[in-house]
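The values are calculated or read from the model by the stated rules, or taken from the named source; none is laboratory data. Please read these numbers as outputs of a predicted model, since none were measured by experiment. So basically every Cβ, Gly included, is an ideal-geometry build from the backbone, and we count neighbours across all protein chains shown. Please note that ligands, DNA and RNA were not included when accessible areas were found on the heavy atoms of the full protein model with its side chains. Shrake-Rupley method; radii C 1.70, N 1.55, O 1.52, S 1.80 Å.
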Amino acid sequence: MEDHKKWMRIALQEAKKAFKKLEVPVGAVIVHEGEIIGKGYNLVETLHDPTAHAEMMAISAASRSLASWRLDDSILYTTLEPCSMCTGAILLSRISTVVYGAPDPRYGACGSVLQIADNENLDIKVKVIGGILKDECSTILKDFFSQIRQKNEKLFD
């Protein structure tokens, strides 16, 4: 459990980078054999790319790091439960475990809305552990959206 918290704190550091860029503050870290092989944070607005989620950025970085698209025996830590796109990429990259902080009641695909990670119809399964540093992961998202709402209200005053 302490290892999960350690890596999630690093994912939270990535989320803070997104926050500073006015991106939805989600961060991700991929760990293989006790070492970080990929990190990422949301860059959807910056890159004008709907696929530039933290998990996708981390998967790309990890694949480059290992010079392989197969990330067998790797663990992905993400501050927000992955969506269906990211969960699909997690499955296809053969990541063995996903550890997330806050559940996503709108788009979560690791049990909240959909269950893709452990779907009985697929031949690939991913172990999912949710709720690690849930409060911290939820707080950064709440703070971000509160700040955005305040800015928008000032525009219309």
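One table, with the values for the structure above:
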read-out: Simple spin-label estimate for F145 and V113 in nanometres, 7 Å along Cα-Cβ; value: 1.2 nm
read-out: Solvent exposure of the chain as accessible area per residue, Å², 1.4 Å probe; value: 55 Å²
read-out: Cβ crowding within 10 Å averaged over residues, with 115-126, 48-59, 132-143 ranked highest first; value: 48-59, 132-143, 115-126
read-out: Electrostatic dipole magnitude of region 67-157 [Cβ: Lys, Arg +1; Asp, Glu -1; Cα centre; debye, to 20]; value: 160 debye
read-out: Separation in nanometres of the label points that stand 7 Å from Cα toward Cβ, at L122 and N152; value: 3.1 nm
read-out: Rg over Rh [alpha-carbon atoms, Kirkwood Rh] for region 102-157; value: 1.20
read-out: Between region 71-91 and region 4-48, the alpha-carbon center distance in angstrom; value: 12 Å
read-out: Mean separation of Cα contacts under 8 Å, 6 or more apart, over the residue count of the chain: relative contact order %; value: 19 percent
read-out: Label-to-label distance, nm, for residues given as E33 and D135 (7 Å Cα→Cβ offset); value: 3.8 nm
read-out: Kirkwood Rh (inverse of mean 1/r, distinct Cα pairs), region 69-134, angstrom; value: 11.4 Å
read-out: DSSP-defined beta bridges in region 28-157 - what % are antiparallel, rounded to 5; value: 60 percent
read-out: Solvent-accessible area, 1.4 Å probe, carbon plus sulfur percent, for the chain; value: 52 percent
read-out: Length-normalised contact order for region 32-104 - Cα pairs under 8 Å, 6+ apart - percent; value: 29 percent
